[in-house]
């Protein structure tokens, strides 16, 4: 790994643990170990990050794991695994952060759906901005919510022809499904730092698909 790829930016250990638990749920323990070995992160296969908020899971570690998924399962297969991992991660993240975010409060659930979606996106962005070195800002266009990642760990140090932050897309897909009480929404990454864009942008349609 080149010096430029050493980010100096981190997720807390707890979030690194959530990512790996989510991935294990999708590919199994042996699959997770294989991905980590391919990413030259065998130490994580033996010991998952501790369940604390210390900044110990580096951006480049997450990026290498995502790249290894594509090597192991192919571009399309790796994308699918990353999306499903993201969806699984939301469940673990909700357990760890949902109460402090206010997402589990009755008052939140009683809000109209459009208000819940916008507020939920804002609260979710706050988690990343407050607990990690990832930087997110959201933009409300009326029909859409634009989720901008200004400093992205998922594609850190990578180059690609198209958007590759499938893990982040999966997390947002599952978050919307949960917030809306079981509706599916169109969630698509349209800009990605890995292909030379200034930010990674994920477009969220406010109206459900069904």
Two-site FRET efficiency, residue 113 against residue 135, from Cβ-Cβ distance with R₀ of 35 Å, rounded to 0.05: 0.80
For a label point 7 Å along the Cα-to-beta-carbon line of residue 126, residues of the range 80-108 with backbone N under 15 Å: 97-108
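Remind me, relative contact order of the range 58-210 in percent, using alpha carbon pairs under 8 angstrom and six or more residues apart?
Values: 252 pairs, mean separation 38.9, N = 153.
Answer for the range 58-210 is 25 percent.
What length, rounded to one decimal in nm, is gained on full extension from residue 150 through to residue 46, with 0.36 nm per residue of separation minus their alpha-carbon distance?
Once the chain is fully extended between residue 150 and residue 46, it gains 34.2 nm.
Which of the three applies to the range 148-210, rounded, prolate or oblate, going by the alpha-carbon gyration tensor with a ≥ b ≥ c and a/c under 1.5 meaning rounded? Provide the component values of the computation, followed by the final result.
Values: a/c = 2.84, a/b = 2.33, b/c = 1.22.
Here the range 148-210 falls in the prolate category.
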Label zone at residue 143, where the point sits 7 Å out along the Cα-to-Cβ direction: the range 189-210 residues whose backbone N lies under 16 Å: 203-210
Mean residue ellipticity (222 nm) of the chain, computed from DSSP H runs ≥ 4 via -39,500 (n - 2.57), nearest 500: -18000 deg cm²/dmol
Residue 91-residue 54 pseudo-label distance in nm [points 7 Å out on the Cα-to-Cβ vector]: 2.9
Folded to 0 to 90 degrees: helix 113-131 orientation relative to the chain principal axis, Cα: 40
Angle between the chain longest axis and helix 166-179 axis [Cα atoms, degrees, rounded to 10]: 30
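Computed from the coordinates by the stated procedures, all read-outs in this text should not be read as laboratory data. In this text the structure is predicted, and so the values were computed from the model without any measurement. For neighbour counting, all protein chains shown are included, and Cβ atoms are generated from backbone atoms with ideal geometry for every residue, glycine included.
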